[in-house]
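Here the structure is laid out as structure tokens; the discussion comes afterwards.
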Amino acid sequence: MDTIENRTFDELRVGDSASLTRTLTREDIQLFAVMSGDVNPAHLDDEYARSDMFHKVIAHGMWSGALISTVLGTQLPGPGTIYLGQSLRFLKPVGLGDSVTVTLTVARLDPAKRRVALDCVVSNQDHEQVVTGSADIIAPAEKIARARVTLPEVSLRERGVRYRALLEAARDAPRIRTAVVHPVDTISLLGAIEATRQGLIEPVLVGPETRIRRAAEEAAVDLADLRIVPTEHSHAAAAAAVALARRGEVQALMKGALHTDELMRAVLARSEGLRTGRRASHVFAMDVPTYPRPLFITDAAVNIYPSLEDKRDIVQNAIDLAHALGIATPCVAILSALETVYPKIASTIEAAALCKMAQRGQIRGAVVDGPMAFDLAVSRDAAAAKGFVSPVAGCADILVVPDLEAGNMLAKQLEYLAEAQVAGIVLGARVPIILTSRADGPLARLASCALAVLLGRSQSAPSVIGTP
């Protein structure tokens with residue numbers, strides 16, 4: 001068993017030394033920031049750190065000092081050491097990817113107080129001294145040997161990373177004129193205004209003008225440059241927004257302070273709606289910090305109990321969205337409770353049929369497999385343990401749920417238990433429909449708008465947020 005053993009004061013001699021070599025990673029910087037609360041942009045903001053003033057000064061005292069403490073506490077003298085102080089001089093910056101070697105050397109011994117002075121030198125991979133100085137300690141009097149503690153694995157998860165990449169990709173695309181339906185509260189109005197400020201949409205506010213302006217006053221928003229299409233109530237707002245889309249005056253709809261059913265009723269009206277030859281369906285675009293790729297869940301908001309024919313369109317809509325976001329051949333998992341076809345569970349039979357449709361070209365542009373349990377779709381380890389072989393297992397981009405209830409519960413579990421960000425959009429109509437919830441954060445609202453923007457330019461340019 002690996003042990004840590006100290007050196008008592010009586011065992012130390014002038015000239016004794018110990019070294020430790022480490023390479024500075026981004027995770028080191030982030031972990032230190034989490035522990036210390038140090039959010040200095042010179043440490044965490046790459047663009048700021050690259051400026052002429054800071055020359056990418058990533059780490060001096062915070063990292064070099066920690067490594068010196070590590071050598072003192074584990075090697076020289078080791079366990080039982082009392083750290084009194086240090087004096088360090090920083091000669092050169094240390095940046096990401098630099099490999100440094102910390103060397104401590106005993107310089108003076110004071111037997112009366114068991115005090116030890118050590119010279120400290122930190123050198124980089126080019127053998128240049130980046131830190132020099134000294135440390136004062138009290139050496140242990142008794143011998144100590146202990147099993148080396150196994151440290152817990154630390155996983156740093158940054159929420160919203162993929163959504164920020166999504167926004168960056170969308171900013172390169174033209175704004176889309178968007179009818180914001182019934183934005184009569186501050187939350188929905190501010191969501192549209194922020195998307196405008198971010199260069200994503202050109203809003204047309206549709207709804208009762210008096211209530212819209214009251215919401216603007218409460219939010220301290222100036223509507224002087226924005227078009228308002230006045231209506232009497234939310235039903236009329238939904239109908240007016242759909243009419244704008246039918247006339248080509250807007251390229252997207254955005255849900256405001258009305259229920260999804262109310263908006264979709266106008267969208268799906270047979271004579272005056274926005275129907276196409278394909279079934280309209282909803283897709284949640286999830287940014288799950290614990291999953292190494294974008295994740296799409298469908299349908300969790302529009303089709304309650306879709307038929308097999310409906311599911312064909314639901315799958316194809318999600319595939320088309322993935323293509324618009326730069327995922328050339330998405331992996332689609334048709335979810336059920338089992339990975340085998342079982343006649344008593346209808347979703348397993350429909351999953352098998354959808355796979356056959358994909359083989360026959362009725363579903364295009366993806367690798368489709370199912371039925372598949374959720375764990376097999378997202379975990380290679382689970383698939384290996386169960387002996388399940390599939391090109392989709394453990395790397396699904398799109399999860400197709402059996403019905404709305406299952407999809408809604410799955411999406412909300414990921415949001416509240418796995419810290420996922422959730423953006424939503426409806427596809428299959430003449431224009432994309434941006435669905436937001438009152439519970440959505442600002443980043444998720446912007447991401448929903450970005451999805452519509454990227455769909456609008458999907459035929460002309462690839463995105464940058466595809467699967468890593």
For the chain, share of DSSP beta bridges that run antiparallel, in % to the nearest 5: 65 percent
Tail fraction, Cα-Cα pairs, segment 122-254, threshold 27 Å, whole percent: 51 percent
Nitroxide proxy distance, nm - points 7 Å out along Cα→Cβ at residue 346 and residue 5: 7.2 nm
Segment 276-428: relative contact order in percent, alpha carbon pairs under 8 Å with at least 6 residues between: 36 percent
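Taking the beta-carbon count within 10 Å as an exposure proxy, list 409, 372, 254 from fewest neighbours to most. Could the numbers behind the result be given before it?
Values: 409 12, 372 28, 254 31.
With the sparsest Cβ surroundings first, the list reads 409, 372, 254.
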Ranked packing of 264-275, 220-231, most packed first, by mean Cβ within 10 Å: 264-275, 220-231
Efficiency of FRET between residue 233 and residue 23 - r from beta-carbon atoms, R0 51 angstrom, step 0.05: 0.20
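What order do you get for 120, 449 when you list them from fewest to most C-beta neighbours inside 10 Å?
Working: 120 24, 449 31.
Lowest count first: 120, 449.
Quote the convex hull volume per residue of segment 281-352, based on C-alpha atoms, as a whole number of Å³. Please list the in-between numbers first.
Working: hull volume 7.7 nm³, N = 72.
Dividing the Cα hull volume of segment 281-352 by its residues yields 108 Å³.
222 nm [θ] for the chain, helices only, -39500 (n - 2.57) per DSSP H run of 4+, per residue, to 500? Can you show the working numbers first?
Details: 15 runs with 159 residues, N = 468.
Calculated from helices alone, the mean residue ellipticity at 222 nm is -10000 deg cm²/dmol.
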Listed pairs 311/412; 92/143; 255/344; 113/143 exceeding 27 Å between Cα atoms: 92/143; 255/344
Zone of residue 91's modelled label, taken as backbone nitrogen in segment 107-139 under 13 Å from a point 7 Å along Cα→Cβ: 120-134
Burial ordering of 412, 255, fewest other beta-carbon atoms within 10 Å first: 412, 255
Highest average packing first - 393-402, 375-384, 323-332, Cβ atoms within 10 Å: 393-402, 323-332, 375-384
For segment 213-371, projected area of the alpha-carbon convex hull averaged over all directions, nm²: 13.0 nm²
Segment 276-428: antiparallel DSSP beta bridges as a percent of all, rounded to 5: 50 percent
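Take the Cβ-Cβ distance between residue 380 and residue 416 as r, set R0 to 30 Å, and report the resulting FRET efficiency rounded to the nearest 0.05.
Details: r = 25 Å, r/R0 = 0.84.
So, using R0 = 30 Å, E works out to roughly 0.75.
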Translational D in µm²/s for segment 347-458 (Stokes-Einstein at 4 °C, 1.567 mPa s, Kirkwood Rh from C-alpha pairs): 80 µm²/s
Gyration tensor (alpha-carbon) shape descriptor, the chain, a/c threshold 1.5: prolate
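Every number in this text was worked out from the coordinates using simple rules, so none of it is lab data. Everything quoted here is computed from the prediction, not taken from an experiment. Reconstructed Cβ throughout: ideal geometry from the backbone, glycine too, with neighbour counts over all protein chains shown.
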